Amino acid sequence: MPGGRVLDLACGSGRHARYMASLGHPVAAVDRDAAAIAGLQGLPGIVAERHDLEAGGWPLADHSFAGVVVTNYLWRPRLPQVMALLAPGGVLIYETFMRGNEAYGKPSSPAFLLEPGELRRVAAAAGLVEIEFVEGYVETPKPAMRQAICAVRA
């Protein structure tokens, strides 16, 4: 949705938040790292908030977004809630590591590695329509096993 509010979840230094804001989207950037959030404070178009997404209540329960971007982050207990954040017509972009990445480094714990086809199944269960799905080995930015989906709420 042109100009719609976007969430950069587990935003880290805010690479995606900064890009989306540069395109004119109001952005909510969320991470548990206080230093990362501090680095985003006061940037035009970005509201940065510190939340631990893995502890306590779900801080985004009453929110919806035209877009949700998640990269290099996986906490399975929150996946259904992440999918529920999309407004009608909203777009999800999610990319992270998958099983097999342990051969290339961190993360290597199964708790933080997607199973083959997992994002596809979770998105479908949430009623999202898949636009694109890829998984497997990537060479750049470093050798890894990755999985990514782009999906929309009909």
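Rule-based calculations on the coordinates, nothing more; no lab input. Everything numeric here is computed off the predicted structure, so don't read it as measured data.
Based on the Kirkwood radius over alpha-carbon pairs, what value in µm²/s does the Stokes-Einstein equation return for the translational diffusion coefficient of region 49-112 at 4 °C and 1.567 mPa s? Display every interim value, and only then the final one.
On the way: Rh = 13.2 Å.
Here the translational diffusion coefficient equals 98 µm²/s.
Note the full-extension length gain between R32 and W75 as 0.36 nm times their separation in residues minus their Cα-Cα distance, in nm to one decimal.
Working: separation 43, 0.36 × 43 = 15.48 nm, distance 1.30 nm.
Difference between extended and current length: 14.2 nm.
Only helical DSSP H runs with n ≥ 4 go in: add -39500 (n - 2.57) per run for the chain, normalise by residue count and round the 222 nm mean residue ellipticity to 500 deg cm²/dmol.
Details: 4 runs with 27 residues, N = 154.
My calculation for the chain gives -4500 deg cm²/dmol from helical runs alone.
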